[in-house]
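A.B. asks: Input: one structure, supplied below.
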Amino acid sequence: MSALDGLYQELILDHSKRPVGKGALEAPDGALTASHHEFNPSCGDEIDLSIAVDAESGRIERLAWEGQGCSISMASASILSQLVRDEQLTIEEAQLRIAAFREMIQARGAGEPDEELLGDAVALQGVAKFVMRVKCAMLGWVALEADLRQVEGQRA
Amino acid sequence: METMSALTPAEVAELRAAFPYFALQAGLPTPPAYLDAAATSQRPAAVLDAERRFLETANAAVHRGTSGAVGAATEAFEGARAAVARFVGAAAPEQIVWAENATDALNIVALGIGEASANPALGVPGSERFAVGPGDEILVTEAEHHANLIPWQRLAARTGATFRYIPVREDGTWTIDDARAALTERTRVFAFAHISNVTGYVAPVAELAALARSVGALTVLDACQSVPHIPVDLDALGVDFAAFSGHKMLGPNGVGVLYGRPELLAALPPSRTGGSAITRVTMESAEFMPPPMRFEPGTQPVSQAVGLGAAVEFLSAVGMERAAAREHELVERLVAGIEETPGVRLLGPADPAQRVALAAVSVEGLHAHDVGQFLDEQGVLVRVGHHCAQPLHRAFGIASSTRASVHLTTTEDEIDRFLDALRGAQRYFGVEVSA
């Protein structure tokens, strides 16, 4: 597989064409909510990512985003949405996954990503070889990170 | 441009051999197609050698001390200034101020006007002529590079002057009629690009400068994309100030140029002050040197200036008319190829006669970063992004674009590889449009 095919895997192209989690946030009553706008000034890609968290359990009940950008940034946000939705992550679990994802993306292709933690997001490992695309892949994840900090502040 | 014969392909091949970057790549199975000269140009050995030779044989602290070595280094440094002056049609070398880059050069003007506006007493004799304030207008266009936009926004904010801009038309261009409608008796500064770094559109500078003069406005020209590509005679164009950068015209990084009309530079206050830009300093105050040294405080980019001097000698030896005629042929080929490709939108004028040096496109259904990634794999090096012109991209309704830019070393094959790769990207991502 060429580096380019490694970057643009079928799964990524599918997610970029039919993104998961795109739309407005519908927060359940009583949930803690947070929203963050993340912008990549080098290309103009942007994302608004919102979450609703159960105050008691700290689980992310809903995640929704709006944005525009390249197939990598859009697919990455979509895969992240799916991960959060499928696994009903808590704040701490999501933070762990963000850290693992960041480590994979910044590893320049070295090491094996933790598939158990990252699920389909391991498909984005190919990005690590393209230093100029790291920000694209991180866009949604950085936005979620900021949301989680906001919610933590509300719970404290 | 038709009066002078274009460089022939054989001459271009010879030229490329004079650039180590191209000579070294020529041995590769797929040498890169370098179509990013508008971002930064490659440098001929003559430029690299001049810089190195200066450092190896003549380096000394220019304009400081009395030794013969300093004298020789100062001569080389000032000789480069004279060479640049000749190259851009400045009657006197003192009209050429060294800056870090074109952005810095534009800031010297905007900040200098700010100084003159804030406290004329702090300035230099005659600086009142630059003072702007509430009721005055500063005019730019929607097509400007951020470097020729933000300094003016800030000048307006600092002084209370009104910031205005000429909106672009659908194709990203603006006309002299648009300028006529926007310029008023209150306009004090009119800043615009000679050639847009996104659309390649060539502004009618001489007419615009005359128009601005008729209402008493200063013209500030961003000449970054013109000086490297076409013959430019700044005195004849009648602009008041102009800025361009060394690294886009075969010269080194770290040196740019501010051009100014002598009587204006003489009245412009310095915005950055320090050593060697002064005449008499007391514990209370300082008096400043005449231009250009007034605007060159601190240690200067000496070897870079010497390298830029070599770059303009190189370009002059090739002949800017012949280089421009050659680049015009390349741009015609580029634009024709883009127009023949369904699903690819050309930004800027469709008539190649109205543009110089480059063409940016937006590919339907594809983000510029994805286009750029595919092109990169094909060895086609272009610029993707907003090219420091977010407002212009917003006017086009897009966030980013893919820009191919040519130079006197560009070949037809490189243009064709770009066009093939564009179509390849459409196929790869499944967004091709049938004709």
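Read-outs: derived from the displayed coordinates by stated rules, not from any lab. On a predicted model such as this, the values are computed, not experimentally measured, just so you know. Cβ atoms come from the backbone with ideal geometry, glycine included; neighbour counts cover every protein chain shown.
A.B. asks: Pick from region A:127-156 the residues that are among the small types (Gly, Ala, Ser) and closer than 17 Å to A:ALA100 by Cα: which of them is surrounded by the fewest Cβ atoms within 10 Å (Cβ to Cβ)?
C.D. replies: The extreme case among them is A:ALA146.
A.B. asks: Now for a different question. Which numbered condition trips up B:GLY216, out of (1) crowded, with 24+ Cβ neighbours inside 10 Å; (2) part of a loop (DSSP other than H, G, I, E, B); (3) in contact with a strand residue (DSSP E or B) (Cβ under 9 Å, 6 or more places away or on another chain); (4) not acidic (Asp, Glu)?
C.D. replies: Among (1) crowded, with 24+ Cβ neighbours inside 10 Å; (2) part of a loop (DSSP other than H, G, I, E, B); (3) in contact with a strand residue (DSSP E or B) (Cβ under 9 Å, 6 or more places away or on another chain); (4) not acidic (Asp, Glu), the lone unmet condition for B:GLY216 is (1).
Let's see how each residue does on (1) polar (S, T, N, Q); (2) within 16 Å of A:LYS135 (Cα to Cα):
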{"position": "A:ASP14", "(1), (2)": "no, no"}
{"position": "A:ALA24", "(1), (2)": "no, no"}
{"position": "A:SER42", "(1), (2)": "yes, yes"}
{"position": "A:MET74", "(1), (2)": "no, yes"}
{"position": "A:VAL84", "(1), (2)": "no, no"}
{"position": "A:GLN88", "(1), (2)": "yes, no"}
{"position": "A:GLU92", "(1), (2)": "no, no"}
{"position": "A:GLN95", "(1), (2)": "yes, no"}
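A.B. asks: So, of the residues in region B:417-435 that are small (Gly, Ala, Ser) and part of a helix (DSSP H, G or I), which turns out to be nearest to the chain's Cα centre (by Cα)? Give the steps one after another, and end with the answer.
C.D. replies: Narrowing region B:417-435 to residues small (Gly, Ala, Ser): B:421, B:424-425, B:430, B:434-435.
Still in the running and part of a helix (DSSP H, G or I): B:421, B:424-425.
Details: B:ALA421: 28, B:GLY424: 32, B:ALA425: 30 Å.
Across region B:417-435, the extreme among qualifying residues is B:ALA421.
A.B. asks: With B:ALA368, B:ALA357 as the choices, which residue is within 14 Å of another protein chain (Cβ to nearest Cβ) and either touching an Asp or Glu at 6+ places or on another chain (Cβ under 8 Å) or not polar (S, T, N, Q) (or both)?
C.D. replies: B:ALA368
A.B. asks: Continuing with this model, one more query. From the set of residues in region A:40-53 that are more than 14 Å from chain B (Cβ to nearest Cβ) and in contact with a Gly (Cβ under 8 Å, 6 or more places away or on another chain), which is nearest to A:GLY21 (Cα to Cα)?
C.D. replies: Step by step, filter region A:40-53, then rank; the result is A:LEU49.
A.B. asks: In addition: Within region B:384-403, take every residue that is surrounded by fewer than 24 Cβ atoms within 10 Å (Cβ to Cβ) and in contact with an Asp or Glu (Cβ under 8 Å, 6 or more places away or on another chain) and give me the one that is farthest from the other protein chains (Cβ to nearest Cβ).
C.D. replies: Per the stated criteria, the residue is B:ALA395.
A.B. asks: May I ask you to say which residue of B:PRO349, B:PRO342 is part of a loop (DSSP other than H, G, I, E, B), more than 14 Å from chain A (Cβ to nearest Cβ) and closer than 25 Å to B:SER41 by Cβ?
C.D. replies: Among B:PRO349, B:PRO342, only B:PRO349 is part of a loop (DSSP other than H, G, I, E, B), more than 14 Å from chain A (Cβ to nearest Cβ) and closer than 25 Å to B:SER41 by Cβ.
Matching residues to (1) among the hydrophobic types (A, V, I, L, M, F, W, C); (2) surrounded by fewer than 22 Cβ atoms within 10 Å (Cβ to Cβ):
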site	(1), (2)
B:GLY89	no, yes
B:ALA92	yes, yes
B:TRP98	yes, no
B:THR103	no, yes
B:ALA110	yes, no
B:ALA118	yes, yes
B:VAL124	yes, yes
B:ARG129	no, yes
B:GLY133	no, yes
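A.B. asks: Residue check: is B:LEU330 assigned to a helix (DSSP H, G or I), out of contact with any His (no Cβ under 6 Å at 6 or more places or on another chain) and either away from chain A (no Cβ under 14 Å) or under 23 Å from B:LYS248 (Cα atoms) (or both)?
C.D. replies: yes
A.B. asks: Could you please find all residues in region A:50-70 being under 24 Å from B:VAL384 (Cβ atoms) and buried (at least 22 other Cβ atoms within 10 Å of the Cβ)?
C.D. replies: The answer is A:TRP65, A:GLY69, A:CYS70.
A.B. asks: Take A:GLU56 and decide whether it is over 28 Å from A:LEU4 (Cα atoms), more than 14 Å from chain B (Cβ to nearest Cβ) and not in a strand (DSSP E or B).
C.D. replies: Taking the combined requirement at face value, the residue satisfies it.
A.B. asks: Now for a separate question. Give B:GLU377, B:GLU432 a once-over and let me know the one that is within 22 Å of A:ASP14 (Cα to Cα), surrounded by fewer than 24 Cβ atoms within 10 Å (Cβ to Cβ) and away from chain A (no Cβ under 14 Å).
C.D. replies: Result of the check over B:GLU377, B:GLU432: B:GLU432.
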